[in-house]
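Colleague: One structure, pasted below without further comment.
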Amino acid sequence: MSINLSKGQRIDLTKSNPGLTRAILGLGWDTNRYTGGGDFDLDASAFLLYEDGKARSEEDFVFYNHLTAYNGAVEHTGDNRTGAGDGDDEQIRVDFTLVPPQITRIGITVTIHDGDARRQNFGQVSNAFVRLVDEGSGQEVLRYDLGEEFSIETAIVFCELYRHGADWKFQAVGSGFSGGLAALVRNYGLPL
């Protein structure tokens, strides 16, 4: 049975779900066509972070142009340029057994490609969500629906996975940024 989370909530993943070693993070959204008329291209990314909350190199950043990190510890399954259809628009897979011990947190984000130039923002996006599925069983473990609270932001940290001792936990973040992908890259300590 899947658990619905609210912004800020945390939940234990691996302790409460014995055998959960591989997870699929499904991210989805709809766009409000009446506000601008142009196509939206939303992109999911993962930032693999050290104890200080920062990434160290491009290896710590998984997105549509760099699909895997650390021999498959984190893998982006591919870019959906239209967001058409129901269900997950993009997916990021995490194999907890392969995540190097120095990586203590994984930030899962979504940005609007060229959002500023196209005058697009998350105020024009609805039904945004992230769900975590146990890849082994196919069961949805949790879901976080972001709500409609964003108006000018072009990048959002949807959630974070983080180590707690030997276990992994999930936090529903829902934190927005203006400045798109560049703002997130700066936030997580990578050079532009």
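Colleague: I'm trying to understand the selection: among the residues of region 150-175, which are under 17 Å from the mean Cα position of the chain (by Cα), surrounded by fewer than 19 Cβ atoms within 10 Å (Cβ to Cβ) and of a type in the set (Gly, Ala, Ser)?
Modeller: Ser175
Colleague: Residues that are modelled with pLDDT under 95, open to solvent by less than 30 Å² (accessible area, probe 1.4 Å), under 20 Å from Val173 (Cβ atoms) and not in a loop (DSSP other than H, G, I, E, B): does region 60-78 have at least one?
Modeller: No.
Colleague: From the residues in region 179-192 that are free of Cβ contacts under 8 Å to residues at least 40 places away in the same chain and part of a loop (DSSP other than H, G, I, E, B), which one is most open to solvent (accessible area, probe 1.4 Å)?
Modeller: Filtering region 179-192 for residues that are free of Cβ contacts under 8 Å to residues at least 40 places away in the same chain and part of a loop (DSSP other than H, G, I, E, B), the one most open to solvent (accessible area, probe 1.4 Å) comes out as Leu192.
Colleague: Restricting the search to region 1-23, which residues are closer than 12 Å to Gln139 by Cβ, open to solvent by less than 30 Å² (accessible area, probe 1.4 Å) and out of contact with any Gly (no Cβ under 8 Å at 6 or more places or on another chain)?
Modeller: Selection gives Ala23 alone.
Colleague: For region 87-117, enumerate the residues that are of a type in the set (Asp, Glu) and either at negative phi or touching a strand residue (DSSP E or B) at 6+ places or on another chain (Cβ under 8 Å) (or both).
Modeller: Once the filter is applied, which keeps residues that are of a type in the set (Asp, Glu) and either at negative phi or touching a strand residue (DSSP E or B) at 6+ places or on another chain (Cβ under 8 Å) (or both), region 87-117 yields Asp88, Asp89, Glu90, Asp95, Asp116.
Colleague: Would you pick out the residues in region 104-124 that are under 17 Å from Cys159 (Cα atoms) and touching a residue at least 60 places away in the same chain (Cβ under 8 Å)?
Modeller: Ile106, Gly107, Ile108, Thr109, Val110, Thr111, Ile112
Colleague: Can you name the residue in region 136-149 that is open to solvent by 20 Å² or more (accessible area, probe 1.4 Å) and either within 15 Å of Ile106 (Cβ to Cβ) or not acidic (Asp, Glu) (or both) and, of all such residues, is modelled with the lowest pLDDT?
Modeller: My answer is Gly147.
The values are calculated or read from the model by the stated rules, or taken from the named source; none is laboratory data. Quantities reported herein were computed from a predicted structural model and do not represent experimental measurements. Please note: Cβ atoms are built from the backbone with ideal geometry, for glycine as well, and neighbour counts cover all protein chains shown. Heads up: the accessible areas ignore ligands, DNA and RNA and are worked out on the full protein's heavy atoms, side chains in. Shrake-Rupley method; radii C 1.70, N 1.55, O 1.52, S 1.80 Å.
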